[in-house]
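The values are calculated or read from the model by the stated rules, or taken from the named source; none is laboratory data. Small disclaimer: the values here were computed from a predicted structure and weren't measured. Using ideal geometry, Cβ is built from the backbone for each residue, glycine included, and neighbour counts are taken over all protein chains shown.
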Amino acid sequence: MARKLFVFISCLLLLFPLTGCWNRRELNELGISVGIGIDKAEKGYRVSVQVVNPGEVTAGKTSGNRTPITLYEATGDTIFEAIRKITTISPRVIYLAHLRVLVIGESLAREGIEKPLDHFSRDHEVRTDFFIVIAKGSTAKDVLKVLTPIEKIPANKLYLSLETSQKVWAPTATVTLDELMTDIISEGKSPVLSAVKVTGGVEGQSQKNVEKIDPSGRLKYTGLAVFREDKLIGWLNEKESKGYSYIRDKVRNTVGTLVCPEGGKIGVEVTRSKTQVTGKMNNGKPQINIEIRMEENIGEVECQIDLTKRKTIEDLEKSAEQKVAAIMLGTIHKVQKSFKVDIFGFGEEIHRVDPTAWKTLKQNWDEQFTHLDINVKADVQIRRIGTVSNSFHKKEEE
Amino acid sequence: MMNTVKISIRQFTVLVMFYTIGTTILIIPSSLAADAEQNAWIAAIVGWLLGFIAVGLYILLSRLFPNMTLIEYTEKVFGKWLGNLFSLLFVIFSFIGASTVLFYMGNFMTTQVLPETPIESFTILFAGIIIMGLRLGLEVLARTAEILFPWFLILFMVSTLLLIPEIEIQKIQPIVEIGIKPIIKGALSFVGTASLPLIVFLMVFPAFVNNPKKAGKAFIIGNLLGGLFVIIITFLSISILGPDFSERNMYPSYALAKKINIGNFIQRVEILMAGMWFMTIFFKTSFYSYSFLKGLAQICGLKDHRPLALPYGIILVVYSLVVYPNVVYMMDFDSKIWVPYALTTCLFLPLIILGVGTIRGKMKK
């Protein structure tokens with residue numbers, strides 16, 4: 001009997017430590033932040049947090065006149081302090097585990113992004129699966145202020161837009177925190193981040209923006225931002241960014257244009273692309289060989305060309321090879337001339353093939369990079385020409 | 001001495017395996033990456049091979065003194081006073097081992113999972129199960145290991161399979177760049193964490209194993225399997241997170257589990273993966289504790305160690321809270337002090353016992 005009582009009482013007592021309620025944080029106590037922007041403040045940082053307004057994003061009963069997200073901002077000496085300070089204006093604690101994008105303002109990026117990033121790698125709540133982007137020509141706060149159609153949560157739109165454009169268009173880069181930190185530290189590769197631009201000024205900031213068919217305020221990715229170590233030094237335009245994606249073998253699908261022999265254009269879809277970058281030490285000098293293999297389909301014909309002949313396709317393949325090589329070389333020359341940093345990871349390639357030579361080369365790798373011997377070889381196969389053979393243009397004109 | 005308690009060969013193998021994995025799985029990828037960078041997995045393999053030397057030594061010792069525990073034959077070899085002094089060194093090693101491992105558990109929970117919960121709540125709960133296990137005895141611990149083994153295997157296989165798509169082989173290149181020295185250094189810390197503490201099994205082996213002849217083989221297989229799991233985790237950690245990120249992460253295995261993402265559907269499963277090391281840490285702490293209690297009981301000439309379990313548990317919890325004043329001290333201790341300490345207690349001490357024991361045995365003849 002005494003034993004039974006003892007067991008019973010211990011079971012009761014065990015209820016207290018085993019409830020797991022010590023650290024409980026109910027869903028309605030969390031301010032789920034999906035986007036964070038960091039800007040330079042006079043002292044320290046200005047942190048803007050895009051918090052989901054749960055009542056407005058649930059399916060069904062939305063009141064409709066409130067915005068789906070709210071922006072809170074605070075300044076602090078450190079990021080950590082600023083985020084905590086937000087509780088003075090927000091009813092809920094900021095919860096970072098669902099972060100989708102981290103936007104860094106241009107002026108802060110020019111001074112260096114290493115320091116503000118530390119908190120995100122140290123905090124236990126933050127995961128590493130969000131994308132980091134740079135606000136081109138504006139503050140990060142302005143980027144997070146724009147309301148977007150289709151995707152109710154703007155941070156989600158930033159995330160998905162970047163992911164999709166990387167998948168089917170190529171001149172953007174999806175960079176996560178761990179990749180960025182590895183690139184900053186690496187001696188043989190400098191980081192790049194996608195740049196995002198706000199158009200339409202203040203009009204994007206109110207609910208009215210998403211009531212229009214053609215919203216005036218929009219968020220748009222425009223090429224890549226180039227860094228030396230952790231400092232922003234310049235931008236690549238769309239074409240150069242595409243070259244970067246080709247070299248880094250990030251292209252999965254994209255669309256390009258070829259010029260017909262007698263004028264006019266042909267639109268091609270790249271369906272497969274595989275780049276191999278190999279380093280080599282040639283008489284004590286580093287050398288990089290880039291080999292790209294692509295498969296393309298013709299998607300649009302805007303000129304008079306006889307697609308039924310094998311010769312035509314062969315010629316087109318040649319011109320496509322020259323085109324893609326020119327795109328890649330153009331990017332490389334631009335970076336060598338204007339930025340003088342190795343964003344392509346060529347240094348790491350040399351490191352992989354010849355660790356001993358790398359030890360001396362890495363001392364002034366960026367200098368070495370500017371006059372690096374680079375060979376590009378392209379191999380393009382045009383596989384299909386779509387659902388029709390020759391274009392109807394021809395008949396019309398005859 | 002009456003040996004009524006017996007465990008089977010299979011149970012012994014699983015126990016050795018769990019003990020080898022122990023906290024190693026949590027911390028070793030990070031310290032290996034600090035030493036050997038992208039070649040951490042090579043260092044792990046070297047350490048794994050070196051581990052056989054340690055296990056071989058323990059098997060030799062057990063052949064010399066079958067049916068006795070480490071404490072008993074230390075006394076037999078060196079006499080009462082000197083023998084007990086050596087035994088005390090070993091017993092203290094077990095105690096420090098147990099409290100550091102308990103701290104790891106609590107520290108992992110407070111750093112990664114439940115940062116606002118006081119560390120005491122984890123260590124007390126965890127120590128509670130350990131005391132229970134100790135009071136119920138060796139056989140129960142062994143059977144628990146047998147039952148938990150398939151679960152461990154499932155978790156491990158699932159996490160490895162889910163992580164395979166994330167591997168980037170460039171991250172482990174260039175393969176031969178780092179010299180011999182860092183690899184040896186990494187290998188030593190591997191041996192120090194994974195293999196050398198296996199000395200605690202000299203309190204169980206071969207006296208309490210039901211088939212002493214096959215027990216030696218089981219010891220080797222257990223160590224081999226355990227090491228294999230750790231090597232796989234180290235390899236994954238380097239090839240997925242990269243040497244640099246593995247080094248900076250306090251718990252790379254947890255960071256690895258966070259990476260799991262299959263079609264945006266199977267994701268955020270890291271806490272399930274943490275279940276793996278809860279199991280292994282439980283056995284590591286239990287066996288450190290078991291060898292401490294059994295050792296202390298034998299030094300003091302007590303017949304049964306079980307009554308000591310509860311007071312021991314209380315002291316263990318308190319000591320685990322003060323064993324490391326802060327996390328930086330912990331990292332410093334692990335990388336600089338633990339390896340020489342483990343080498344002294346777990347390699348040189350048994351070597352001396354083996355040497356003196358052999359000479360004395362021959363003199364008697």
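I'd like the residue in segment A:175-204 that is β-branched (Val, Ile, Thr) and within 13 Å of chain B (Cβ to nearest Cβ) and, out of all such residues, is farthest from the chain's Cα centre (by Cα).
Only one residue fits best here, namely A:Ile185.
Can you pull out the residues in segment B:135-149 that are among the small types (Gly, Ala, Ser) and at pLDDT 90 or above?
Those that are among the small types (Gly, Ala, Ser) and at pLDDT 90 or above: B:Ala142, B:Ala145.
Report, by residue number, each residue of segment B:232-278 that is surrounded by fewer than 18 Cβ atoms within 10 Å (Cβ to Cβ), away from chain A (no Cβ under 13 Å) and modelled with pLDDT of 85 or more.
B:Ile232, B:Gly275, B:Phe278
Of the residues A:Val103, A:Val133, A:Val126, A:Val143, only one is under 21 Å from A:Asp39 (Cβ atoms) and within 14 Å of chain B (Cβ to nearest Cβ); which?
A:Val126
Among the candidates B:Leu155, B:Leu141, B:Leu163, single out the residue that is more than 14 Å from chain A (Cβ to nearest Cβ), in a helix (DSSP H, G or I) and more than 16 Å from B:Ile232 (Cα to Cα).
From the options B:Leu155, B:Leu141, B:Leu163, the qualifying one is B:Leu141.
Between A:Pro215, A:Pro171, which is in contact with a helix residue (DSSP H, G or I) (Cβ under 8 Å, 6 or more places away or on another chain), surrounded by 22 or more Cβ atoms within 10 Å (Cβ to Cβ), not basic (Lys, Arg) and not in a helix (DSSP H, G or I)?
On the way: A:Pro215 fails: surrounded by 22 or more Cβ atoms within 10 Å (Cβ to Cβ).
Criteria check complete, one pass: A:Pro171.
Would a scan of segment A:150-162 turn up a residue that is within 14 Å of another protein chain (Cβ to nearest Cβ), touching a residue at least 24 places away in the same chain (Cβ under 8 Å) and either surrounded by fewer than 23 Cβ atoms within 10 Å (Cβ to Cβ) or among the hydroxyl-bearing types (Ser, Thr, Tyr) (or both)?
yes
State which residue pairs qualify: first residue at pLDDT below 90 and inside segment A:270-294, second residue of a type in the set (Gly, Ala, Ser) in any location, beta carbons under 6 Å apart, and separation of 6 or more residues or different chains.
A:Met281/A:Ala357
So for segment B:86-108 (the condition being within 12 Å of chain A (Cβ to nearest Cβ) and closer than 30 Å to B:Gly263 by Cα), does at least one residue qualify?
yes
To keep it simple, each residue is scored yes or no on (1) in contact (Cβ under 8 Å) with a residue 40 or more places away in the chain; (2) under 17 Å from B:Pro252 (Cβ atoms); (3) under 15 Å from the mean Cα position of the chain (by Cα).
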| site | (1), (2), (3) |
| --- | --- |
| B:Phe12 | yes, no, yes |
| B:Ile27 | yes, yes, yes |
| B:Glu37 | yes, yes, no |
| B:Leu61 | yes, no, no |
| B:Leu64 | yes, no, no |
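Checking the structure you have, find out if any residue of segment A:376-398 is small (Gly, Ala, Ser) and surrounded by fewer than 20 Cβ atoms within 10 Å (Cβ to Cβ).
Of segment A:376-398, the ones small (Gly, Ala, Ser) are A:378, A:386, A:389, A:391.
Adding the requirement that they be surrounded by fewer than 20 Cβ atoms within 10 Å (Cβ to Cβ) leaves A:386, A:389.
Yes, segment A:376-398 has at least one match.
Tell me whether segment A:326-337 contains one or more residues that are farther than 18 Å from A:Leu224 by Cβ and assigned by TED's automatic domain parsing to the domain that holds A:Val259.
Yes, segment A:326-337 has at least one match.
Considering each residue of segment A:330-361, count those that are within 12 Å of another protein chain (Cβ to nearest Cβ) and either without any contact (Cβ under 8 Å) to a residue 12 or more places away in the chain or in a helix (DSSP H, G or I) (or both), and give that number.
Count: 11.
With respect to A:Val133, is the statement that it is more than 18 Å from A:Thr78 (Cβ to Cβ), in a strand (DSSP E or B) and in contact (Cβ under 8 Å) with a residue 12 or more places away in the chain true?
yes
In segment A:258-304, what count of residues is obtained for those that are β-branched (Val, Ile, Thr), under 18 Å from A:Val168 (Cβ atoms) and loosely packed, with under 14 Cβ neighbours inside 10 Å?
Within segment A:258-304, residues that are β-branched (Val, Ile, Thr), under 18 Å from A:Val168 (Cβ atoms) and loosely packed, with under 14 Cβ neighbours inside 10 Å number 0.
Please go through segment B:196-233 and pick out each residue that is over 16 Å from the mean Cα position of the chain (by Cα) and either closer than 30 Å to A:Leu177 by Cβ or of a type in the set (Gly, Ala, Ser) (or both).
Those that are over 16 Å from the mean Cα position of the chain (by Cα) and either closer than 30 Å to A:Leu177 by Cβ or of a type in the set (Gly, Ala, Ser) (or both): B:Ala207, B:Ala215, B:Gly216, B:Ala218, B:Ile232.
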